[in-house]
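This report concerns only the one structure given below.
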Amino acid sequence: MESTRKRLITLLAKKKDEYISGQKLSDELNISRAAIWKQMKSLENEGYQIEAVSRKGYRIVRFPERMSVNTIQWNLKTDWLGQNMHFEEQVDSTQTVAHQLAREGAEHGTVIVADEQLKGRGRLHRPWHSQKGSGIWMSIILRPDIEPHRAPQLTLASAVAITKMLKFLTGVQPKIKWPNDIFVGDRKLAGILTEMQAEQDLIEYVIIGIGLNVNLDQKAVPDDLQDVATSIQLETGKAWKREELIQELLYQMESIYELFLQQGFSSIKQAWEQDAYRLGETITVKARRKEWEATLIGIHEDGALIVEDENQSKSVLYSAEIDW
Ligand code: BTN
């Protein structure tokens, strides 16, 4: 049973700029007006700034500094993505938590956010550094009714959502490095890890893991990543409120996901190519036991990479190692 306090915050958090009358709160929560007033005082003691206006009611003006489900959901504009949300101060990996929740039946659109990961993981079993308070470490549970072979397209769609959010809010100029990286210049800003539970031609669930370096300054970047990683703070010279970025990211994810389901991947292809890393440049491709120099042409209607060799012969690659 949810506590009265949590239900009160949820009610107040739902509409950012609207007041809710003391009477309405008292009716919804089934407690007296005096008890509501007492709850407000205790919220203020915890760092919430609450405005009370006579004949209008109450509204939250500012949340405490610490991130929580409430601070993220306040001002979240999605219809379904992140409406069911879990926040953990510290986990091994939000992917692991997400798998467990998904197995237990967590609904489509459930989001898990952590302040710190002890065993954050990336593609190819690489570790993902996830220091406390310095980034967005988040996993999203989706239950799409698509064939399993299309799941990798969700990685590309998520990359487009990340770049849209970054361009809209932060002004950094991100590039998408196929299949799952977001770069600024030649440094990695974010990575996507897509994992799936499927049976033959049926997806049970997909988990989209997103790691985005937000408030890492140069000193906080691990030694082995000094030359290869960046953060929004390093790119813009200031610290960012993670909640604001998550809210916009989820909003972009939701609309791109709906477009993807209704119109297929081809509807996202153009947005992907617009921000593709090293498009039109020469790269070294290792695939099908061969290695060759090729020009990066773009992506196929189904998300595969298209490259062209010196004889103008094109290859469509579903998995390949690329030397960028
Ligand atoms: C990559 O670049 O290889 C993908 C990195 C994905 C990292 C995120 S952080 C949130 C989620 N939890 C994890 O353990 N990994 C993903």
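Every read-out reported here was derived from the displayed coordinates using simple, explicitly stated rules and does not represent laboratory data. The shown structure was predicted, so the numbers you read here are calculated from the model rather than taken from an experiment. Cβ coordinates were reconstructed from backbone atoms using ideal geometry, including for glycine residues, and neighbour counts include every protein chain displayed.
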Applied in sequence order to the range 227-243, the curve 6.51 cos²θ - 1.76 cosθ + 1.60 (Karplus, θ = phi - 60°) yields integer Hz couplings, x standing for Gly and Pro, of 8, 10, 10, 9, 9, 5, 4, 5, 7, 10, x, 8, 7, 10, 7, 5, 4
At q = 0.12, 0.16, 0.17 Å⁻¹, what is the log10 ratio I(q)/I(0) for the range 77-152, with the Debye formula run over Cα points and no solvent?
-0.36, -0.62, -0.70
Before anything else, pin down the relative contact order of the range 282-323: Cα pairs under 8 Å, at least 6 apart, normalised by residue count, whole percent.
38 percent
Summing +1 per Lys or Arg and -1 per Asp or Glu among the other residues with Cβ less than 12 Å from S267's Cβ gives -1
The chain: relative contact order from alpha carbon pairs under 8 Å, six or more residues apart, as a whole percent, is 12 percent
The chain: longest stretch without exposed GluC sites (Glu not before Pro) (DSSP loop, at most 15 other Cβ within 10 Å), sites themselves excluded?
108-280
Measuring from the longest principal axis of the C-alpha atoms of the chain, the long axis of helix 94-103 (C-alpha) lies at a number of degrees, nearest 10, equal to 80 degrees
Relative contact order of the range 131-261: what whole-number percent is it, with Cα pairs under 8 angstrom and at least 6 residues apart?
30 percent
Cut-off is 10 Å between beta-carbons; in what order do L8, L279, L225 appear when sorted fewest neighbours first?
L225, L279, L8
When only alpha-carbon atoms count, how far does the range 158-248 stretch along each of its three principal axes, as whole angstroms with the largest first?
47, 29, 20
Which value in deg cm²/dmol, rounded to the nearest 500, describes the helix-derived mean residue ellipticity at 222 nm for the chain, given -39,500 (n - 2.57) per DSSP H run of n ≥ 4 and division by the residue count?
-9500 deg cm²/dmol
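Give me the extension gain from Q263 to E116: residue separation times 0.36 nm, minus the current Cα-Cα distance, reported in nm with one decimal.
49.3 nm
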Need one number for the range 69-274: average projected area of the convex hull over its C-alpha atoms, nm².
10.8 nm²
When S54, S21, S93 are arranged by how many other beta-carbons sit within 10 Å of their Cβ, fewest first, they go S54, S21, S93
How long are the semi-axes of the ellipsoid equivalent to the range 1-131, from square roots of 5 times the Cα gyration tensor eigenvalues, in whole Å, largest first?
34, 16, 13
Value of Rg/Rh across the range 4-62 [Cα atoms, Kirkwood radius]
0.90
